Amino acid sequence: MTSSEHLICFMDQLEAEKNALHIFIETLKREENALINGKMSEIDYLASNKSRLIEKMTELDRKRNEFLKQQGLSLEKIIINQWLDEQCLVLPEVKTLWHELLDLAKTAQLLSYTNGLIISNYLQHKQRTFAALHFAAGNVSLYGPNGQMLIPI
């Protein structure tokens with residue numbers, strides 16, 4: 001296989017990663033919407049989809065890293081960018097696709113972080129509600145099993 005053919009295969013891998021990330025981002029957006037609107041039944045379905053997508057993206061990531069190592073590259077961002085600069089002379093679309101992939105990864109990371117915050121706030125609210133109900137039922141306990149106060153005084 002020639003260098004150009006290897007690069008075209010690499011582009012196909014990047015394109016597959018990009019498509020998987022688009023689907024993952026859409027799933028994260030649906031998850032965010034379900035969390036905000038309290039659609040808990042949808043959360044289980046989306047979690048299952050996310051797990052499947054993460055497995056797929058992990059495999060695509062492994063293949064990409066394998067290709068880069070076969071090119072004699074370390075997996076450092078600066079090294080990859082230098083190599084891509086050289087490849088742009090032959091196939092400029094590779095670098096564009098790489099940067100699109102990095103931007104999508106940042107978007108997915110931000111959405112995942114945001115969803116984590118929503119879940120954390122939801123759990124804190126449920127814990128406070130449970131503690132208040134527990135207190136109202138006469139089962140007074142000011143401290144939980146980990147030593148944290150259940151109900152602020």
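Summarising the label geometry, the points placed 7 Å from Cα in the beta-carbon direction at GLU59 and GLU5 lie 2.5 nm from one another.
When both segment 107-126 and segment 1-26 are represented by their alpha-carbon centers, they are found 30 Å apart.
Once both labels are positioned 7 Å from their Cα atoms along Cα-to-Cβ, the gap between ARG52 and ALA132 label points is 3.9 nm. Projecting label points 7 angstrom from Cα along Cα→Cβ for ASN33 and LYS77 puts them 3.1 nm apart. Tell me whether the chain comes out rounded, prolate or oblate; compute the Cα gyration tensor, take square roots of the eigenvalues as a ≥ b ≥ c, and use a/c under 1.5 as the rounded threshold. The shape class here is prolate. In summary, the lysines within cross-link reach of LYS50, defined as a Cα separation below 16 angstrom excluding same-chain residues under 8 places away, comprise LYS18, LYS29. Along the axis of the charge dipole computed for segment 1-119 (Cβ charges of +1 for Lys and Arg, -1 for Asp and Glu, origin at the Cα centre), the listed residues LEU104, HIS6, ILE36 are led at the positive end by ILE36.
Rounded to the nearest 20 debye, the dipole size of the chain about its Cα centre is 760 debye, using +1 on the Cβ of Lys and Arg and -1 on the Cβ of Asp and Glu. Of all aspartates and glutamates in the structure, the ones whose alpha carbon falls short of 19 Å from that of LYS39, not counting any fewer than 8 places away in one chain, are GLU26, GLU31.
The alpha-carbon of LYS63 sits under 20 angstrom from the alpha-carbons of these aspartates and glutamates, leaving out residues fewer than 8 places away in its chain: GLU5, ASP12, GLU15, GLU17, GLU55, GLU76, GLU93, GLU100, ASP103. If the chain linking GLU42 and LEU110 were pulled fully straight, counting 0.36 nm for each residue of separation and taking away their Cα-Cα distance, it would gain 22.4 nm.
Read-outs throughout are calculated quantities, based only on the coordinates presented, and are distinct from any laboratory measurement. These numbers were taken from a predicted model, which means no experiment stands behind them. In this analysis, Cβ positions are derived from the backbone assuming ideal geometry, glycine residues included, and neighbour counts consider all displayed protein chains.
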